[in-house]
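Take a look at the structure set out below.
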Amino acid sequence: MKRIVPILLSVMMLASAIGHIMAPEFYAAMIPDFIPSLAANYLAALIEAAIGIGLLLPQYRHLGGLGFLLLMIGFLPIHVWDLFREDPAIGPPPAPIIRVIFQFVLMFAGFWVFRSNRTKQAS
C-alpha cells in the first residue's frame with residue numbers, strides 16, 4: 001500500500017498535467033469565469049507535474065504527498081462551486097456530489113502519503 005498509493009496519485013497527477021496542456025477546453029468548464037482559463041490550465045499543469053514527479057521520488061515523496069493534499073484542498077472550493085451551479089461541469093446531478101466526497105478521499109490519501117513518508121525521512 002505504501003508503494004502503490006503514491007504511484008497511483010503520481011499517475012493521476014501526471015495524466016492530469018498532460019490533460020491540462022493537451023485538452024485545456026475540457027478543464028475550462030470547471031474554472032470559474034473570473035479566473036483566466038488558459039493561465040489556470042498551464043499553472044495547474046505545472047503544479048500537477050511537479051507533484052507527480054515528487055510522488056515518484058522516494059526522497060521527495062513526503063513533499064509530493066503534502067503538495068497533493070494542499071492542491072486537493074485548493075481544488076475543493078471549485079468542486080463545491082460546481083456542485084451548486086445550474087449546469088455542473090462534472091456531469092449530471094449525482095456526479096458533482098460524488099466528486100466532492102471523493103475530494104475528501106483524495107485529501108486523506110495525500111495526507112497519508114505525507115505522514116507515512118515523513119516519518120520514514122526522519123529515521
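What follows is calculated from the coordinates using simple rules that are stated; it is not laboratory data. Quick caveat: nothing in here was measured; it's all calculated off a predicted structure. Here Cβ is always computed from backbone atoms with ideal geometry, including for glycine, and neighbour counts include all displayed protein chains.
The order of SER10, SER37, going from fewest to most other C-beta atoms within 10 Å of their C-beta, is SER37, SER10. With semi-axes defined as the square roots of five times the eigenvalues of the C-alpha gyration tensor, the equivalent ellipsoid of the stretch 4-122 measures 26, 16, 11 Å, largest first.
Modelled spin-label separation between LEU46 and PHE111, with each label point placed 7 Å from Cα along the Cα-to-Cβ direction: 3.0 nm.
For the chain, hydrophobic long helices are taken as DSSP H runs at least 24 Å long by C-alpha position along their axis with mean Kyte-Doolittle hydropathy of 1.6 or more; these are 4-22, 37-56.
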